[in-house]
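This report concerns only the one structure given below.
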């Protein structure tokens, strides 16, 4: 099964056209429930922590995520399409450019 479609392309282009974090907050608040956005942020955080070598248990304690969800993130991180790696690498690059 593929998620690729014209509707998905439109969604991703709409996201890519946002220019500030504030615009993202506004858009995602309209587009998703707060819980959905929080879940996405938690998964990205779990991917970051996994890529740094943190254990499932420590991640679960720190994020209050289930180990099952952390396991899914781990599988995607290691065997997925590379989306997490790309996002994490770009966040690191953006952070180093801004002096973080």
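Just to be sure, is residue 15 surrounded by 11 or more Cβ atoms within 10 Å (Cβ to Cβ) and modelled with pLDDT of 95 or more?
Against the criterion (surrounded by 11 or more Cβ atoms within 10 Å (Cβ to Cβ) and modelled with pLDDT of 95 or more), residue 15 qualifies.
Search the range 1-25 for residues that are in a loop (DSSP other than H, G, I, E, B) and pair each with any residue that is surrounded by 11 or more Cβ atoms within 10 Å (Cβ to Cβ) when their beta-carbon atoms are under 7 Å apart and the residues are at least 6 apart or on different chains.
From the range 1-25, the pairs are 18/24; 18/27.
Out of 20, 86, I need the residue that is under 25 Å from residue 4 (Cα atoms), modelled with pLDDT of 95 or more and exposed (fewer than 13 other Cβ atoms within 10 Å of the Cβ). Which one?
Details: 20 fails: under 25 Å from residue 4 (Cα atoms).
86 is the lone residue from the list that is under 25 Å from residue 4 (Cα atoms), modelled with pLDDT of 95 or more and exposed (fewer than 13 other Cβ atoms within 10 Å of the Cβ).
Of 82, 53, which residue is under 15 Å from the mean Cα position of the chain (by Cα), free of Cβ contacts under 8 Å to residues at least 24 places away in the same chain and at positive phi? Don't jump to the end; show me each part of the working.
Numbers: 53 fails: under 15 Å from the mean Cα position of the chain (by Cα).
Selected residue: 82, the only one of 82, 53 that is under 15 Å from the mean Cα position of the chain (by Cα), free of Cβ contacts under 8 Å to residues at least 24 places away in the same chain and at positive phi.
Within the set of pairs 6+ apart or on separate chains, which have a first residue in the range 89-100 that is more than 14 Å from residue 48 (Cα to Cα), a second that is at pLDDT below 70, and C-beta atoms under 9 Å apart?
Listed by first residue and then by second, the contacts come to 94/100.
Looking at the range 45-75 only, could you name the residues that are surrounded by fewer than 16 Cβ atoms within 10 Å (Cβ to Cβ) and part of a helix (DSSP H, G or I)?
45, 57, 58, 61, 62, 67, 68, 71, 72, 75
Considering only the range 33-61, how many residues are farther than 23 Å from residue 86 by Cα and out of contact with any helix residue (DSSP H, G or I) (no Cβ under 7 Å at 6 or more places or on another chain)?
Of all residues in the range 33-61, those farther than 23 Å from residue 86 by Cα come to 33-35, 57-58, 60-61.
Subsequent filtering for residues that are out of contact with any helix residue (DSSP H, G or I) (no Cβ under 7 Å at 6 or more places or on another chain) retains 33-35, 57-58, 61.
So the count comes out to 6.
The values are calculated or read from the model by the stated rules, or taken from the named source; none is laboratory data. Bear in mind that the values here come from a model prediction, so they are computed numbers and not experimental data. Note that we place each Cβ from the backbone using ideal geometry, even for glycine, and neighbour counts take in every protein chain shown.
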